[in-house]
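The values are calculated or read from the model by the stated rules, or taken from the named source; none is laboratory data. Remember, predicted model here, so these are calculated numbers, not experimental data. No Cβ is skipped: glycine too gets one built from the backbone with ideal geometry, and neighbour counts run over all protein chains shown. Each accessible area value is taken on the protein alone, full model and side chains, heavy atoms only, with ligands, DNA and RNA left out. Shrake-Rupley method; radii C 1.70, N 1.55, O 1.52, S 1.80 Å.
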Amino acid sequence: MGKKHSLAALGGSVLLLGILLTVMLHHLLENPFYDQLGAYTMEEEGFRAMAFGEGNLEAMAALAEENGVSVGEVCCAFMTEAEYDLTGEKPERITFHRWDSLKKSMTERKPVEFAKLAKVYEAILSDAVCFPIPAGDSGGSGNYGYGDSWGAERTYGGERRHEGTDLMDGGNGRGFFPVVSVSDGVVEHVGWLELGGWRIGIRAPGGTYFYYAHLDSYDHEFAVGEEIRAGELLGFMGDSGYSKVPGTVGNFAVHLHFGIYLRTDHYEELAVDPYWILRFLEDKKVKYAY
Ligand SMILES: [Zn+2]
C-alpha cells in the first residue's frame with residue numbers, strides 16, 4: 001500500500017516538473033521583440049527617436065511599394081525587432097523574406113499591438129510627402145545643413161530638450177529660403193509664439209502635426225482652418241522668436257525649426273525626431289523658383 005502511494009506521488013512530481021520545464025523553456029525561446037511589442041507605447045523614448053538609419057527607410061518604402069504592402073507594417077516589423085534603432089542595420093538586409101517572417105510571428109502573438117504601431121508609422125509616412133525646403137535656382141549659395149539634435153539641451157525659457165530638427169541657413173540671410181508644407185492638411189496654429197516666433201502648425205490628414213518655427217515672414221495671412229496642399233509656400237526661413245515681443249529677430253542664427261508631433265492615447269502632441277524622416281524626404285523636393 002505504502003509503496004503504491006509513493007510511486008503515485010513520484011509520478012505526479014515528474015509530471016509537474018515536466019510542465020514547469022516546458023513553460024520555462026517556452027518563455028526562454030521567445031524572442032525579446034515580442035516583449036517589445038507588448039510593452040509598446042508611443043511615449044517610449046526609443047520609439048520617439050525614430051532612428052531609421054542610413055538608407056533603411058528608403059529600403060522599407062521600396063519594399064512596400066514593390067510588393068504592394070503597407071509601409072507602416074514594414075517599418076513596424078523591422079523597427080520593433082531592432083528595438084526601434086535601425087542605425088546598425090544595412091538596407092540590403094531589408095528583404096521581403098525577412099519582413100514576411102517577422103510579420104507572421106509578430107501578428108500571431110501580438111496582432112493588436114502590431115496593427116496599432118504599424119498604423120502610426122503608416123500615418124507619418126503617408127502624411128510627409130516632400131522636403132520643407134524646395135529645390136530651385138537661386139542667386140544665393142543655396143546652402144543649408146542639419147544634423148540630428150534630438151534631445152539636445154536648450155536654455156531659453158528654462159531648461160528643456162530639443163524636440164525637432166533645425167535646418168540651418170548657410171549664410172544666405174533671413175528671408176532667403178522658402179519654406180513649403182511637407183504635407184496636405186489644415187492650419188491649426190499660426191502667429192507669434194514666444195519660443196517659436198512666427199510659426200505655423202499644420203495637421204495632416206493622417207493625424208500628424210507638422211510645426212514650422214522662426215519664420216521671417218508668411219506667404220500670406222493664414223487663417224486657422226485654412227486648407228494647405230503639400231509643397232505650398234508657407235513663408236520664408238528666418239530668426240524670429242525667443243521673445244514675448246512679436247517680430248523680435250536676431251536672437252540666434254537663421255534656421256527653420258521643424259517639428260513632428262503625434263496624437264497618442266496619453267498626449268495631444270507628442271514630439272518625435274524628424275531627422276531621419278527629413279533625410280528620407282530630401283530627394284522629394286518640390287520645385288520653386290527663388
Ligand atoms: Zn530647433
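The modelled label-to-label distance between His97 and Val224, using points 7 Å beyond Cα along the C-beta direction, is 5.5 nm.
Think of a 1.4 Å ball rolled over the protein heavy atoms: the chain then has 50 Å² of accessible area per residue. Pairs of lysines in the chain whose Cα atoms sit within less than 17 Å of one another amount to 5, provided the residues are eight or more positions apart or on different chains. Think of the chain as having a plus end and a minus end, set by charges on the Cβ of Lys, Arg, Asp and Glu; of Gly11, Leu256, Ser217, Gly11 sits farthest toward the positive end of this dipole. Near Phe210, once Lys and Arg are set to +1 and Asp and Glu to -1 for all other residues with Cβ below 9 Å from its Cβ, the sum equals 0. With all pairs of different C-alpha atoms in the average, the Kirkwood value for the hydrodynamic radius of the stretch 30-127 is 13.1 Å.
Net charge in the neighbourhood of Glu194 (other residues with Cβ under 15 Å of its Cβ; Lys, Arg +1, Asp, Glu -1) is +3. Taking all protein chains as present, what is the carbon and sulfur share of the accessible area of the chain, in % to the nearest whole number, probe 1.4 Å? Carbon and sulfur: 56 percent of the exposed surface of the chain.
Computed from the mean reciprocal separation of all distinct C-alpha pairs, what Kirkwood hydrodynamic radius does the stretch 237-290 have, in Å?
14.2
Considering only Cα atoms, the convex hull volume of the chain works out to 170 Å³ per residue. Computed from phi, the 3J(HN,Hα) profile of the stretch 233-245 under the Karplus parametrisation 6.51, -1.76, 1.60 (θ = phi - 60°) reads 5, 9, x, 10, 5, x, 9, 8, x, 6, 6, 7, 8 Hz, with x in place of Gly and Pro.
In the chain, helical runs assigned H by DSSP with n ≥ 4 each contribute -39500 (n - 2.57); averaged across all residues and rounded to the nearest 500, the mean residue ellipticity at 222 nm is -11000 deg cm²/dmol. The separation of the stretch 199-260 from the stretch 90-156, counted between C-alpha centres, amounts to 22 Å. Once you order the gyration tensor axes a ≥ b ≥ c over the Cα atoms, which shape class does the stretch 144-281 get: rounded for a/c under 1.5, otherwise prolate or oblate by comparing a/b with b/c? Verdict is rounded for the stretch 144-281.
Electrostatic tally near Tyr146: other residues with Cβ closer than 13 Å to its Cβ, Lys and Arg +1, Asp and Glu -1, net -4.
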